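Only one structure is covered here, and it is reproduced in the block below.
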Amino acid sequence: MKTCPRCNSSMDDNASFCSNCGYAFDKKKSIVPKIVIIIVLTAAVVVSIVVGRFAYNLSKANSYLQSLKECADLMMDGIDTLQDIYEDIDNALEKLPNEDLQKYVDLYNNAKTEAEELFDKIATYFE
Ligand SMILES: [Zn+2]
């Protein structure tokens, strides 16, 4: 026998409801077992540890990415500087050989003119 907590009527141990007031005895069985609470709390702790580690790794990865981006920016600056230097060298090379080439072209033309004059003079001796 068991007693109804609401009306104190005595009921059979197998009764689900109080036949006097309708109290549902099974309500008390719906209390979540401790094992479920322990499992849920453990899962919550594990999840928060995993999420925490993930967030920590993510922030670490972000700082690495930031460093990489700074390195890439420095490299791009270096490449820009090198391109400027190459451009300067190209400009200098473009001017230098042209001047030298022009000198050689002038020398060649002068020599050619002198040679042609000389050939003309020699030719007049054989006319
Ligand atoms: Zn009752």
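Could you check, for the stretch 38-61, whether at least one of its residues is closer than 30 Å to SER9 by Cβ, without any contact (Cβ under 8 Å) to a residue 24 or more places away in the chain and not small (Gly, Ala, Ser)?
For the stretch 38-61, residues closer than 30 Å to SER9 by Cβ, without any contact (Cβ under 8 Å) to a residue 24 or more places away in the chain and not small (Gly, Ala, Ser): absent.
Filter the stretch 20-39 down to residues that are within 16 Å of the ligand (Cβ to nearest atom) and at pLDDT below 90, then give me how many there are.
The total comes to 7.
Within the stretch 6-15, take every residue that is part of a loop (DSSP other than H, G, I, E, B) and surrounded by 11 or more Cβ atoms within 10 Å (Cβ to Cβ) and give me the one that is farthest from the ligand (Cβ to nearest atom).
ALA15
Can you pull out the residues in the stretch 16-26 that are in a helix (DSSP H, G or I) and surrounded by 11 or more Cβ atoms within 10 Å (Cβ to Cβ)?
Listed by number, the list holds a single entry, PHE25.
The values are calculated or read from the model by the stated rules, or taken from the named source; none is laboratory data. Everything quoted here is computed from the prediction, not taken from an experiment. Counting neighbours? That spans all protein chains shown, and the Cβs are built from the backbone with ideal geometry, glycine included.
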